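The values are calculated or read from the model by the stated rules, or taken from the named source; none is laboratory data. Treat the numbers as computed from the prediction; the structure is a model and nothing was measured. Virtual Cβ from ideal backbone geometry, glycine too; neighbours counted across all protein chains shown.
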């Protein structure tokens, strides 16, 4: 799921690049977030109906303890009061983090190159395990090697200019930190509530937070929005509606450090889809970066050898 998420996000860079030729970043992010939330609504309605049907079956089968246990309430069900509370808190936290990270990234890219921005943003792969250790999460030693390899691969893949630090680099660094926090927030809330609903709430919150920024910094030209309907629709349905939901579902079963490594492959897929769709060329340096990153990801997926007691 995380690999598919990275692929969708990477391919969405083409849509974002095309869409930005017509409208501003806050307008693009706001509209695609609302589209992503709307796409998930039919799924949520279906899940609610199924949960109600399961609840009715459970009520009618109370006489049989075995059947009642099999139909016990799902702790992640939308009807559970604790799940609803986690859904609201988690959705708001995820939405604020997503909006903040995206905004910092857009502002930072005004002052720095896209390649440098991509490299610095992906540094969340090392921030995630560091923050995880602060809250008591253990990190396998092999993952530190994988993180180091991934950083080398990202450098070769995205960096071609100088290593000087400017205002934009600091903003992108803050963006990477917030993206790392976003991954850890999902790691906490995803097992505690319904994943699809959590994704929908975070997208709705992101869209709502985008509205005042659009009003302050941008002017909406609806004819321009209609001109780029396809990139917006792709980013809204695929990148937001599907990919962010897959991320939340997958992180129920994945270590956050491994999740960050897999998600960082979006930069590799961005280069590949740029070659296929936009006709961009990949240099030998970029190709080597892709290979190193793939090796890091494969190494991170190898099972840990258990010691005999």
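Does residue 254 satisfy the criteria of being assigned to a loop (DSSP other than H, G, I, E, B) and either surrounded by fewer than 23 Cβ atoms within 10 Å (Cβ to Cβ) or touching a strand residue (DSSP E or B) at 6+ places or on another chain (Cβ under 9 Å) (or both)? Walk me through it before giving the result.
On the way: assigned to a loop (DSSP other than H, G, I, E, B): yes; either surrounded by fewer than 23 Cβ atoms within 10 Å (Cβ to Cβ) or touching a strand residue (DSSP E or B) at 6+ places or on another chain (Cβ under 9 Å) (or both): yes.
It is true that residue 254 is assigned to a loop (DSSP other than H, G, I, E, B) and either surrounded by fewer than 23 Cβ atoms within 10 Å (Cβ to Cβ) or touching a strand residue (DSSP E or B) at 6+ places or on another chain (Cβ under 9 Å) (or both).
In the range 228-246, is there at least one residue being within 30 Å of residue 136 (Cα to Cα) and not in a helix (DSSP H, G or I)? No, the range 228-246 has no match at all. Screening 116, 141 for residues that are over 18 Å from the mean Cα position of the chain (by Cα), on the phi < 0 side of the Ramachandran plot, surrounded by 15 or more Cβ atoms within 10 Å (Cβ to Cβ) and at pLDDT below 80 leaves exactly one candidate, 116.
Annotation: residue 33 fulfils all but one of (1) touching a helix residue (DSSP H, G or I) at 6+ places or on another chain (Cβ under 6 Å); (2) surrounded by fewer than 19 Cβ atoms within 10 Å (Cβ to Cβ); (3) at pLDDT 80 or above; the unmet one is (2). Take the conditions (1) modelled with pLDDT under 75; (2) buried (at least 20 other Cβ atoms within 10 Å of the Cβ); (3) over 19 Å from the mean Cα position of the chain (by Cα); residue 51 misses just one of them, which is (2). Going residue by residue through the range 123-137, is there one that turns out to be in contact with a helix residue (DSSP H, G or I) (Cβ under 8 Å, 6 or more places away or on another chain), farther than 21 Å from residue 199 by Cβ, at pLDDT below 75 and buried (at least 17 other Cβ atoms within 10 Å of the Cβ)? No: zero hits. Screening the range 156-168 for residues that are touching a helix residue (DSSP H, G or I) at 6+ places or on another chain (Cβ under 6 Å) and either in a helix (DSSP H, G or I) or within 20 Å of residue 100 (Cβ to Cβ) (or both) and picking the one that is modelled with the lowest pLDDT gives 158.
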